[in-house]
């Protein structure tokens with residue numbers, strides 16, 4: 001099975017507390033889950049992810065966020081599953097979008113609903129995303145975050161080496177990571 005075929009399958013994950021989950025490519029049907037996830041974010045979680053407060057996505061935004069080509073725009077969902085492997089709750093998403101001026105660079109973003117953070121789901125999402133990005137020819141990520149968001153820096157460092165960081169003002173920083181080749 002080639003990398004493209006493999007990237008379309010769900011992969012099982014066991015979170016640090018033993019909860020079974022999967023990572024899988026996002027689909028157009030995930031729009032409602034994205035809005036439900038947004039409602040489940042605390043104000044701080046919302047600001048860390050979007051750099052400002054968001055209540056919901058527009059239909060146009062949801063279409064953009066859920067209709068990925070998995071070459072220039074890659075997104076994966078973290079979903080909790082029951083004992084039979086059926087999805088019961090989507091709790092996170094990670095994505096990267098290729099820079100049109102640098103084919104090896106993509107902007108990366110990740111969000112997990114507050115109650116499912118610090119259980120390994122973010123690492124599972126980013127590891128899956130990094131492998132898919134690598135298969136698509138992406139070698140570096142840039143991530144925008146609030147200056148106090150140390151969690152973002154820690155989790156991105158699991159997938160690559162920080163090669164640069166700069167302040168954009170108003171408490172926003174951009175960091176660049178050279179991705180590790182997949183194992």
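The values are calculated or read from the model by the stated rules, or taken from the named source; none is laboratory data. This structure is a prediction, so every number in the text was calculated from the model and none was measured. We place every Cβ from the backbone using ideal geometry, glycine too, and count neighbours over all the protein chains shown.
The table that follows gives values for the structure above.
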read-out	value
Residue pairs meeting the criteria (Cβ under 7 Å; at least 6 apart or on separate chains; first within 24 Å of residue 72 (Cβ to Cβ), in the stretch 140-158; second at pLDDT below 90 and assigned to a strand (DSSP E or B))	144/172; 152/145
Close pairs (8 angstrom Cβ cut-off, 6 or more residues apart or separate chains): free of Cβ contacts under 8 Å to residues at least 24 places away in the same chain in the stretch 66-95, crowded, with 17+ Cβ neighbours inside 10 Å and not in a loop (DSSP other than H, G, I, E, B) anywhere	88/79; 88/80; 88/81; 89/79; 89/80
